[in-house]
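Where a number appears in this text, it was derived from the coordinates with a stated rule and is not lab data. The structure displayed is predicted, hence computed values, not measured ones. Counting neighbours? That spans all protein chains shown, and the Cβs are built from the backbone with ideal geometry, glycine included.
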Amino acid sequence: MTASENTALLGPEHSALGRRPANSSSQRSPSVPTARPTSSSTSSTSSACDAGERKPLTAGQLIGMTVLLAGIQFVWTVELGYGTPYLLSLGLSKPLMTLVWMAGPLSGLLIQPIVGRLSDKCTSSLGRRRPYIIGGAAFVITSVILIAYAKEAAVAMARIAGLSDDNSGVPGSDY
């Protein structure tokens, strides 16, 4: 695909990208697209997002983001440290445990592009990404709770399905 085809796909607002200035020789210098005045950029209600600029994060926002990311890393550390012994205590064999650890990356490989495509077309009043972030967070919290009570959930499902007596628990387990 040539540069002209590429800019044609991007649209007229990106037509200056990838072009060399007319007076350039064989030197490669990055070209900077020039800002074009639009009716929205001259109005007093335009935001920084209209001009393509981002406001720098405040110190409080940076600290908050760092604390959140540290929490995520802490959860991953706990999961990796205690996940395998916990799965072994549930009676999972080692070959099945490898499938459990592969489920996350494989589901991410399949689900993330689908959710990204859906969120690109989302017209919610909360925005494009926020409904999926909230839904994903609720799903993860529910999953973590179910993992914490996996034995009890298995016993309850076995009783509901009629696979065990009320006193014996899950068939084949000592719970």
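A few notes on this one:
- Taking 29 Å as the straight-line reach from the Cα of Lys151, the lysines in range (excluding those fewer than 8 positions away in the same chain) are Lys94.
- Under 5 Å from the amide H of Arg128 lies no amide H of any residue 5 or more positions distant or on a separate chain, with H modelled from the backbone and absent for Pro and chain starts.
- Rg over Rh for the range 61-170 works out to 1.06, both radii taken from alpha-carbon positions and Rh defined as the Kirkwood radius.
- In the range 74-135, taking the dipole from charged Cβ atoms about the Cα centre, the farthest positive-side position among Leu88, Leu126, Ile111 is held by Leu126.
- Full-stretch length increase - Thr58, Arg129 - with 0.36 nm per residue and alpha-carbon distance subtracted: 23.4 nm
- Test item: Cα-centred dipole of the range 65-153, Lys/Arg +1 and Asp/Glu -1 on Cβ, debye: 300 debye
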